[in-house]
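What follows is a set of notes on a single structure, which appears directly below.
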Amino acid sequence: MLRCFLHGWLSIRDGCKKHPLFHDLSEKVWHAFRAPDRRAFGQRLRRLREWVGQALSGEIKARALRLCGRGAEYGEAYAHEGAHRTGAALGRVMRGMNGYRVGCQRLHGGEEARRLHSRAWALLHNFTPYSPQAVRANGGQWRSPAERLNQHRYHDNWLHNLLVSASLAGYRH
């Protein structure tokens, strides 16, 4: 849901943010998105569709109606109680992953090649060191996402940590 909803919202924002009613539309869209349950979400989306039909015209109307038309798809997230629907932390990770996929030309090849590319990206993302500012923000204790998650550092060199962790330290299934 998150990816689809954000994609629809970004389409509106990127193409229509200079529209005089853009601010009103954005408030109404996010109000609908923050609904506490699926029923309230559906109701808020219907009210949004009514407002869009009366207040907007042209490209912004078409994009907003397209967003409203996918309500059933977005509403599926409410079946997963307690799940996060949005977040800046996820957005930052997904931007990096998308950039990697674009650089790899959308991971051409078979399913195995795509799986290996995704694993390689995840390993690099989790083990490459934080920026100096992020290290300071973590109290200087953890220098990568993997260290923070595991609460452990095998070696001072990040590449050694990656190799030890990826090797499963001799563990076999």
Given a Förster distance of 30 Å, the FRET efficiency implied by the Cβ-Cβ spacing of ASN150 and ARG92, rounded to the nearest 0.05, works out to 0.90
Of the convex hull drawn through the C-alpha atoms of segment 2-79, the volume per residue in Å³ is 70
Between SER11 and LEU159, the two model label points (7 Å from Cα along the beta-carbon direction) sit apart by a distance in nm of 4.4
So the FRET efficiency between ALA55 and GLU76, C-beta based with R0 = 35 Å and rounded to 0.05, is 0.80
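Each value in this text was obtained by applying a stated rule to the coordinates, not by laboratory testing. These numbers were taken from a predicted model, which means no experiment stands behind them. No Cβ is skipped: glycine too gets one built from the backbone with ideal geometry, and neighbour counts run over all protein chains shown.
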